[in-house]
Amino acid sequence: MLSRIAQRIVRKAAVPRTSIITRPFSAVTSRPQDLVKAEKVPIVTFTGGERQSSELTVGKTSGPVNPPGADEHKAAVAFDSSLLPRLTPTMAKFTLPGKVAVVTGAGRGLGFNMAQAMAEVSVRGIAIMDVQQQLGEKAAKELSEETGVDARFYMVDVRDGNSIIRAVNDIVGHYGTIDVLINSAGIADSNIPAETYDTEMFRRLIDINITGTFLVSQAVGKHMISAGHGGSIVNIASMSGSVVNYPQEQCCYNTSKAGVVMLTKSLAAEWAKHNIRVNAISPGYMDTALNRVPALDAQKKIWIEQTPQKRLGAVDDLNNLAVYLASDASSYMTGNNCTIDGGYTLW
Ligand SMILES: NC(=O)c1ccc[n+]([C@@H]2O[C@H](COP(=O)([O-])OP(=O)(O)OC[C@H]3O[C@@H](n4cnc5c(N)ncnc54)[C@H](O)[C@@H]3O)[C@@H](O)[C@H]2O)c1
């Protein structure tokens, strides 16, 4: 009888390697940018679909940002608040009436889809923090127009502590509170052997994925502690924080997501006394712009082959878990790392 690890190795080895030999993988990096340390944080707000812009003064320097990615925007549907009194107690716990959510990285992809889910369960306000102005503004506009929610966009690099603090203060000033934080901003580098990994690239990824998650959690957590009404923080980690992906070499990304999982547990333990819950979602391979690059086409076939459900995750496949973790439906759950991977980590 083979051990589970041995079974996994045999199974991985059984994957046909032809595509790998005939089409060598190139390194894939999602590089948003040098650190955008902004002197001003542009804010674009939408109320009833009407645009207003302003800015916060912060510190120094700015750098280039990513070009816009694939258009993944599907229309969200407004919550009908007349339903609230008619919901059963169980259903009611899955709603967030009157709550305010901050979602980082919600300019596109999983973050944007989770922001849509927050709107669909009746939050009254959503603040997006993203480094890409064009995407973030479009996302806030769509949320506002489609659901009537008061949506604000803050162009913030999650590595820029001062900008984050200013943005959080402004969000609290505008809405009066923050109840939910979803940390979805993140980048990935892939197909880079450890022995040739550029040190600066390594540092940059760790800085965005771990330090960025920490800085936003710290700023929002401080507010939640002083407000005294608790809150829920949801960190988007990855199955790569628990298993080493195959066949691509990506030691830095894997390490960063393991860090996000441990940060989640540590904050959960520290902040439980403040009634702040902190949980993580660890997605498997998802069909987002992060993975929609030609250099990954051959690998995607292997990922799907190795996934019991035989598909990549859809961009909205995290939404309902995000609602569960953000809401009172999960009121006795903290420090958990929830995997959504089509069964990938089973084998
Ligand atoms: N797509 C997947 O297969 C997958 C799997 C597991 C985990 N994840 C994680 O889920 C999260 C979202 O991934 P996605 O697929 O939606 O990616 P995405 O690239 O589509 O979206 C990420 C968003 O984060 C923003 N962002 C990047 N760096 C930033 C920074 N320094 N400051 C502020 N915003 C920044 C980007 O502008 C973008 O809007 C990431 O943390 C990623 O690591 C993704």
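The values are calculated or read from the model by the stated rules, or taken from the named source; none is laboratory data. Quick caveat, the model's predicted, so the values are computed rather than measured. Glycine gets a Cβ as well: all are built from the backbone with ideal geometry, and neighbour counts include every protein chain shown. Just so you know, the surface numbers come from the protein's heavy atoms only, side chains and all, with ligands and any DNA or RNA stripped out. Shrake-Rupley method; radii C 1.70, N 1.55, O 1.52, S 1.80 Å.
Overview of values
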{"quantity": "Choice from 41, 243, 123 with maximal GNM fluctuation in the chain (Cα, 10 Å cutoff)", "calculated": "243"}
{"quantity": "Efficiency of FRET between residue 77 and residue 295 - r from beta-carbon atoms, R0 41 angstrom, step 0.05", "calculated": "0.70"}
{"quantity": "Heavy-atom accessible area ranking, 1.4 Å probe, most first, across 203, 166", "calculated": "203, 166"}
{"quantity": "Accessible-area composition of the chain, carbon plus sulfur, in percent [1.4 Å probe]", "calculated": "54"}
{"quantity": "Ranked order, 311, 86 - accessible area, probe 1.4 Å, largest first", "calculated": "86, 311"}
{"quantity": "Per-residue [θ]222 nm for the chain (sum of -39500 (n - 2.57) over DSSP H runs n ≥ 4, rounded to 500)", "calculated": "-11000 deg cm²/dmol"}
{"quantity": "Cα-projected label distance for residue 94 with residue 195, points at 7 Å along beta-carbon direction, nm", "calculated": "5.1"}
{"quantity": "Other-chain or far-sequence residues with amide H under 5 Å of residue 182's (modelled H)", "calculated": "102, 103, 104, 234"}
{"quantity": "Of the DSSP H helices in the chain, those whose Cα atoms cover at least 15 Å axially and whose Kyte score averages -0.5 or more", "calculated": "109-120, 161-175, 212-227, 251-271"}
{"quantity": "Highest-MSF residue in the chain out of 321, 143, 110 [GNM, Cα springs under 10 Å]", "calculated": "321"}
{"quantity": "For the chain: accessible area per residue (Å², 1.4 Å)", "calculated": "44"}
{"quantity": "When each of 37/99; 40/138; 74/138 is checked by Cα-Cα distance, pairs over 24 Å", "calculated": "37/99"}
{"quantity": "Hits among aspartates and glutamates - C-alpha to C-alpha of residue 257 under 14 Å, sequence gap 8 or more where chains match", "calculated": "189, 207"}
{"quantity": "Inter-part distance where segment 200-215 and segment 298-347 are each reduced to a Cα centre, Å", "calculated": "23"}
